[in-house]
Structures are given as C-alpha cells and as structure tokens.
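Worksheet: one structure, shown below.
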Amino acid sequence: MGSQERAGRGSRNLLKGAAVLPLVAVALSGCSEEAKRGWLPGSNDMTNNTEALSNLWVHSWIAALAVGLLTWVLLLWCLVAYRRRKGDVGYPRQISYNLPLEILYTALPLFMIMVLFFFTDKTQRQVDQRVADPDVKIKVYGKQWAWDFNYNVKGDKHYFQGTQAHLSPTGETGVEKTLPTLYLPEGKSVEFELQSRDVIHSFWIPQFLEKRDMIPGHTNFLTLTPQKAGTYQGKCAELCGEYHSEMLFNVVVLPEDQFKAKMAELPKGEVGDEYNRKPTTKNAN
Ligand SMILES: [Cu+2]
C-alpha cells in the first residue's frame, strides 16, 4: 500500500469520525430531563435569578465569539495578504508610532471591558438583592464534611444536623439517599445565611447557577425563590479536606404544604455556633 493511499484512507476515516461526532453529542445530551435542565442555556426558570444569570452568560459568550471571530479574520487576512512573496528581500517596511491606531487599540478593549463590567455589575446587584422579610430563612453551616440546616419559617425554627458522610452508620458513602437533604418551598422567597464551622467551604446548587463561599467567622447571603418543584444536587465547591468530594446534599423543592409537613417532621430548635470547631492554640503545621 502506497503512502498516498494510506493518507487517503486516513482522511476518509477522519471524515467518518467527524460525521459521527454530532451523533455522539446528541446521544450524550439525550440524558434525563432532570440532568438537561441544569445546563445552559435552558435553565431559565429554576429560580427567580436563573434567567438573569443565564442571559449574562449567553450574551457574554456571543460578545466574546464576535470579538474572537473578527480578530481571527483580521489575523488570517494579514497573514495571507502580507505574506512574504517570491523575490522579496530584506525586512518589510517598518512602521511605528501610529497614534490613531494606538488610541484605537487602547480605547476599544477599554470600552469592551466597560460594557462587560456594566452588565455583570447590573446582574450581580439584581441577583444579590436581599428581601426585607423572606418567607424562609435558612442558616446553613458547612463543616468537614457535612451540612447543618437551620430553618426559620417566620419564627418557627427546625433543624437538620448532618453527620459526616464517611462516618455514615450505614457505611454507604456518597449514596443519594444517605445524603443530607435541604428542603425548599416552591414559589417562596428563601434567604440562605451561609456559615462555616471549621474551614472555608462553598455552598453550590449547580442547577440554580449560584454558588457562594462559606467562610469561618463571616456571614454570606444568598437570596432566591425556587420556581420549580423537583430534586436537585448540592455540593461543596471549595476543596476543604480529605472527604471534600463526599460533601454532597440533596435539594428538594416542594409545594408549600408539603414543605410545611417536612418542617413538622424535623426537630424543633437550631444548631448554632456552639458546634463550631474551637480554635486550637497549638500550630496545626
Ligand atoms: Cu467543604
């Protein structure tokens, strides 16, 4: 077999591969409806914030692609139009200090950054807007390696105290049904007060498109209204030690009456700062 023939077969195989790619992509994206809803774009109505977040993301990508395409076209055009031709000798004509051009390529990126900043800031302000009197306040504690949820429904307090996943009495670590479950009411405003008992964690519900750090001795807030009943995944998004990968939780959004019934099943009261890990005097290093 000649090398040319081999090359021909190689490119044919490549073509075949390229033809199969879209099919693979379709097969991969053909997962359950539940999984699909978490991906952008298309999770516009998970919470009252997801539409704004999703729009910012998609429009930033469109802007970035437009700038990228223009840059590539100009680059390729320069490469082709001003290539070295047969018979060319020496250096091409040297040009320097073109003031209008320098002003342009300083001002244009500055303008683009300002536009991105404007929309990011606008969306961030909108999403982080706190509600004066949320329907449910949930004080969430991250801890190595589990979660505590303190619910406060207009003064009625209930709590869930998580056990460390790897110490689960059933021994089934990382299994969905053994994970802590965070209950949320559909269509009601929820304020999360995020705390940590030990090291920095991060509260993340991927399908809600929001994530925020939990820092010892500092309180962060997230305010949102879940809009779709269903089960979602929650994770710790900050590498926080040996069992970080097991620091998972379920999020279940329920209609209000079912949410209230769930609250009634939980013990009354709260688990507060008294469970925080005490600072040690000796240097851990
Ligand atoms: Cu963590």
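Just so you know, all these numbers are worked out from the coordinates, no wet-lab data involved. All of these numbers come straight from a predicted model, not from anything done at the bench. Cβ coordinates were reconstructed from backbone atoms using ideal geometry, including for glycine residues, and neighbour counts include every protein chain displayed.
What are the ³J(HN,Hα) couplings of the stretch 178-192, residue after residue, when phi is run through the Karplus curve with 6.51, -1.76, 1.60 and θ = phi - 60°? Round to Hz, x for glycine and proline.
Using θ = phi - 60°, the values come out as 8, 7, x, 10, 9, 9, 10, x, 6, x, 10, 6, 10, 10, 8 Hz.
Which of rounded, prolate, oblate describes the stretch 136-272, given a ≥ b ≥ c as roots of the alpha-carbon gyration tensor eigenvalues and a/c under 1.5 marking rounded, otherwise prolate only if a/b is larger than b/c?
Note, shape of the stretch 136-272 comes out rounded.
Apply the Karplus curve 6.51 cos²θ - 1.76 cosθ + 1.60, θ = phi - 60°, to the phi angles in the stretch 227-236 and return the couplings in whole Hz, x for Gly and Pro.
Once θ is set to phi - 60°, the couplings for the stretch 227-236 become 10, 9, 4, x, 10, 10, 9, x, 9, 8 Hz.
Tell me which residues come under 5 Å, amide H to amide H, from residue 159 once H is placed; ignore anything under 5 positions away on its chain.
Answer set, sorted by chain and number: 151, 269.
Tell me, in nm to one decimal, what length is gained between residue 104 and residue 193 on full extension, where the rule is 0.36 nm per residue of separation less the Cα-Cα distance?
Between residue 104 and residue 193, full extension yields an extra 27.4 nm.
Using 0.36 nm times the number of residues separating residue 72 and residue 261, minus their current alpha carbon distance, what extension gain do you get?
62.2 nm
Around residue 183, which amide H atoms from residues at least 5 apart in sequence, or from another chain, sit under 5 Å from its own amide H, with H modelled in the peptide plane?
252
Enumerate the amide H contacts of residue 233 below 5 Å, restricted to partners 5 or more residues apart or on another chain; note that Pro and chain-start residues carry no placed amide H.
Excluding prolines and chain starts, which carry no amide H, the hits are 207, 251.
Just to be sure I understand the model, the point goes 7 Å from the Cα along the line to the Cβ. What's the resulting residue 277 to residue 89 distance in nm?
Here the modelled spin labels are 7.5 nm apart.
Out of all DSSP beta bridges in the stretch 136-272, what portion is antiparallel? Express it as a percent rounded to 5.
DSSP beta bridges in the stretch 136-272 are roughly 75 percent antiparallel.
Which FRET efficiency, nearest 0.05, do residue 132 and residue 58 yield, Cβ-Cβ r, R0 30 Å?
0.45
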